[in-house]
Amino acid sequence: MLGETMRITYVLIVITCLSLANCQPTTNEVVEQIPAATSKEFTAPANVRFERNVQVAMRDGIRLTTDLLLPNDGQAPMATILIRTPYHAELSNKSTVLAGLLEAGYAVVHQHERGRYFSEGEFTMLANAVEDGWDTMDWITNQSWSNGSIGTYGCSSSAENQLKLAASNHPAHKVMVAMSAGVGIAEAGPFREQGNFWLGGVWQQGWFDYFYSSMFQDWPQFSADLSDQERQRLINSFDLKNQRWGVDLAAYNCSRMHLPMNQIMTQMDAPKNELNGYLAAGPAGPSWEEQRVSEGEMISIPGYWSEAIYDISSRSTLAYFDWNRQANQAAGRTNQVMRVTQGGHCSFGRETETTMIGDLELGDARFAHATNVLDWFDRWLKPTESPSPLPPAFQAYMGSGDWLATDSLQAEQIQTWELGALGTLVRENPGRAKTITYIYDPANPAPSLGGGIGGTGDDHHDGAFDQSKLEQRDDVIVFTSEALDTPMDLFGHAQIGLAVSSDRPDTDFTVKLVDVFPDGRAFNIGDTILRMRYRDGLDNPTPMVSGEVYKIELSPILLSRRIEAGHHIRVEVSSSNFPSYARNLNTGLDPYQSTQSEIANNSIHVGADAGSFIRLPVR
């Protein structure tokens, strides 16, 4: 938890490291972890047969390393839960979900994606999710211990690889549990995030450390001419989880400012990864949909989804989920449910009686995560004549132990709040028209303090933190409401409109929504950004005309939050939120290949009929 001293340190680090002159190349070393002791290796429960590193061949001959956990020694046919992952393990030895699955008599199949650990082939993110998933399901259904029914389970990449596979309708694929699955979605509703990598046409730079430390592509490989038995015997003698490329997060503090951006990985001596290919694809390239679903591709199998508000995954996932839910209903199926927490990425089931996200106290946010997962699998893999009623489509945490249950993402009431000339946020009569101009300098961007992604620096954290000191910057413009008379429950997408101008051909505008406590603490509850060249769409980049006023709509902010009585609603407007989002260099050139930057004089137009507002989804 960040204390006052750490906040001061954070500001000092930002001031130091946001100067390009102070950023020096960092030399990093490969860090080898100490091998885990044998006593810490997984031990299967009694009467569960554990087969390690079974070789499962794909249609192209590539063999994927697969672990099997078979209750009752695999003597009777049973339903299977398939987990495909690029990570070392999806479920820990102490996982209540794993224990529950085995106790309920499910076979659990855990497979490393191609090119990861000892699986053959070349690793790329989500590559061959359909083909390899399909072939693995074919293999499972041909085993004597399989009854022909398969569910899939996972969080993050282990969820994202389920989506395209689920949309392909393998006949054995009966049900899925997908958590924090946004990278598996290209476009849905108002979001064209292409897997949560872009927002408003801006690269979400918080991904840098993930590519560096988790998505490296070069892995040791055994000789391809080994038999399955030889491979399995050799793999059982090795442990690749020790071989991790590590870097101190402080190394990003200055490297994140390096220009051009597409040389940051080289500057950090990073292992081979796909980052520069993703930057080159841009926010509208056709390749994004190859391994990801978009609105229009229906997943018809039953889905239990979970998303967290302080996770960049949640925006586009809820948009896709809502479309997919309605498409299934139109086809006569009611089989999609969503749990929304106020936690972070893949934090489901770790809530406590005093849950916190960053410095924000959330209250008792616990829910029966493992029980919900197991019940969902039982409902569709072990159907009964009288199943229990389905939960509502959405269960969303509001705060103080309270959950909102609703079957609609569309709010019953939309409240419009206008940005006023005197820094006010009001329902009506925003006052006279006014233009507020500030300087945006790419060499001194407004630092990120919390949000939906963290890790690009030891001062870059996801979650909710007090923004009040950050709001003292001249390039952060704030608009604050009067104290609320009654609590306000918000769930859904908040729409944001701004009237803006600039003296540069391209720049960014950012918006942050803030919950201001009676004691003055101001906690971020959502943010968004728009790169102005994309104001008419990602497929139609157009430079700005100096001084011309543009009325723009930014990507919506997803909310699941109760604003208590006595609190204020605040909107922050700026032109940077770094390093969560890549800086705009204000030149109109390619921001990922350019080293040239310019200072921008940016303006926001507020007050009477200006067109600067936020619309809140009130429940």
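The values are calculated or read from the model by the stated rules, or taken from the named source; none is laboratory data. If you're wondering where the values come from, they're calculated on a predicted model, not measured in any experiment. Cβ coordinates were reconstructed from backbone atoms using ideal geometry, including for glycine residues, and neighbour counts include every protein chain displayed. Heavy atoms of the whole protein, side chains included, go into the accessibility calculation; ligands, DNA and RNA do not. Shrake-Rupley method; radii C 1.70, N 1.55, O 1.52, S 1.80 Å.
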Loop only by DSSP, 15 or fewer other Cβ within 10 Å of the Cβ. Give me the trypsin sites (Lys or Arg not before Pro) in the range 64-142 that pass, ordered by residue number.
94
Quick check on my link table: of 164/551; 272/551; 164/382; 434/512, which ones sit more than 30 Å apart, alpha carbon to alpha carbon?
164/551; 272/551
Note down the nm distance, to one decimal, between modelled labels 7 Å out along Cα→Cβ at residue 564 and at residue 281.
4.3
What does the C-alpha gyration tensor say about the overall shape of the range 147-296? Classify as rounded when a/c is under 1.5, otherwise prolate if a/b is larger than b/c, or oblate.
oblate
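Give the shape of the range 378-456 as rounded, prolate or oblate, defined through the alpha-carbon gyration tensor: a ≥ b ≥ c are the square roots of its eigenvalues, a/c under 1.5 means rounded, and otherwise the shape is prolate if a/b is larger than b/c and oblate if not.
In terms of gyration-tensor shape, oblate.
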Added length on full extension, which subtracts the Cα-Cα distance from 0.36 nm per residue, residue 375 to residue 542:
55.0 nm
Kindly state, to the nearest 0.05, the FRET efficiency for residue 93 paired with residue 367, given R0 = 22 Å and r defined as their beta-carbon distance.
0.45
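So for 460, 345, 568, what's the accessible-area order with a 1.4 Å probe, most first?
345, 568, 460
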Of the listed peptides 306-313, 420-427, what is their order by residue-averaged count of other C-beta atoms within 10 Å, with the highest listed first?
306-313, 420-427
Measure out, as a whole number of angstrom, how far apart the alpha-carbon centroids of the range 506-582 and the range 350-428 sit.
23
Accessible-area value, residue 592, 1.4 Å probe, nucleic acids and ligands omitted, Å²
20
If R₀ is 41 angstrom, what is the calculated FRET efficiency for the pair residue 169 and residue 589, using the beta carbon separation as r and rounding to 0.05?
0.35
Starting from the Cα gyration tensor of the chain, take the square roots of the eigenvalues, sort them a ≥ b ≥ c, and report rounded, prolate or oblate (rounded when a/c is under 1.5, otherwise prolate if a/b is larger than b/c, else oblate).
prolate
Among beta bridges assigned by DSSP with both residues in the chain, the antiparallel ones amount in percent, to the nearest 5, to 70
For the range 69-171, what is Rg from Cα atoms divided by 2.2 N^0.38 Å, rounded to two decimals?
1.04
Any idea how far apart residue 519 and residue 549 come out in nm if each label point goes 7 Å out from Cα toward Cβ?
4.1
Compute the distance from the alpha-carbon center of the range 203-282 to that of the range 154-180, in whole Å.
24
Could you report the range 480-619's accessible area per residue, 1.4 Å probe, as an integer in Å²?
33
If the chain between residue 485 and residue 618 were fully extended at 0.36 nm per residue, the gain over the current Cα-Cα distance would be 46.4 nm
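Using a Förster radius of 22 Å, what is the FRET efficiency between residue 221 and residue 42 based on their Cβ-Cβ separation? Nearest 0.05, please.
About 0.40, to the nearest 0.05.
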How much accessible surface does residue 60 have with a 1.4 Å probe, in Å² rounded to 10?
90
